[in-house]
Amino acid sequence: MINEILNLLNIFISRDEKNDKEKQWAIQQTTSVELKKIISKMGTREFRIIGLFEINNEVSLKELPKSVGASQASTSRSATKLEKLNLVIKHKTEINNKEWLLSLTDLGKQILGIKQKLDDRNRTQLAEIVSDYSDEELARFTELLRRINKMDFNL
């Protein structure tokens, strides 16, 4: 059973590649050649960072690692990539001149709209999949995923 779980996790992880189906779907959601090019250059982490703006108008660069579950170095690289793609603007806070915030540009807001459509689509599909399971079963599964996410893969 453990080998089957690891195999299924590896299959799930491998679905997240440079030109995965979600990215292809996102590209199809716009007629803008510019947005298509931008989406094709984005990775999952960049999409996750853009998704943070669904709740906040500004996102703290310092909080990105915790928010997206990645290292400070990788989230900093992703933020720089988003800035180069003209999706975010990086600026210092008014209160603390050492803390950096990210804000969406107009292009970034368009990408956020596509990301929100994708999330809605995924929520609908997931709701159908989990409809056969009880709340208790889903709670146990969620706890299992949390524990797997805490595994130390840096052996």
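What follows is calculated from the coordinates using simple rules that are stated; it is not laboratory data. Just so it is clear, the model here is predicted, and its values are computed rather than measured. Cβ placement follows ideal geometry from the backbone for every residue including glycine, while neighbour counts extend to all protein chains displayed.
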Taking placed amide H atoms and a strict 5 Å upper bound, the residues 5 or more places from Glu99 or on another chain that come that close are Thr93
Computed for the chain: size of charge dipole around the Cα centre, +1 on C-beta of each Lys and Arg, -1 on C-beta of each Asp and Glu, debye to nearest 20, value 780 debye
Karplus-derived 3J(HN,Hα) from phi for the stretch 29-43 (6.51 cos²θ - 1.76 cosθ + 1.60, θ = phi - 60°), whole Hz, x at Gly and Pro, runs 7, 9, 9, 6, 4, 4, 5, 4, 5, 5, 4, 5, 8, 8, x
Of the listed pairs Lys90/Lys115; Lys36/Lys81; Lys37/Lys66; Lys66/Lys109, those with alpha carbons more than 25 Å apart are Lys37/Lys66
Computed ³J(HN,Hα) along the stretch 82-92: with the Karplus parameters 6.51/-1.76/1.60, θ = phi - 60°, integer Hz and x for glycine or proline, the list is 4, 5, 5, 7, 6, 9, 9, 10, 9, 8, 7
Rounded to the nearest 5, the percent of DSSP beta bridges in the chain running antiparallel is 100 percent
Taking placed amide H atoms and a strict 5 Å upper bound, the residues 5 or more places from Ser60 or on another chain that come that close are Leu102
Residue by residue through the stretch 100-113, the couplings from Karplus 6.51 cos²θ - 1.76 cosθ + 1.60 with θ = phi - 60°, in Hz, x for Gly and Pro, are 9, 10, 10, 10, 6, 8, 4, 5, x, 5, 5, 5, 4, x
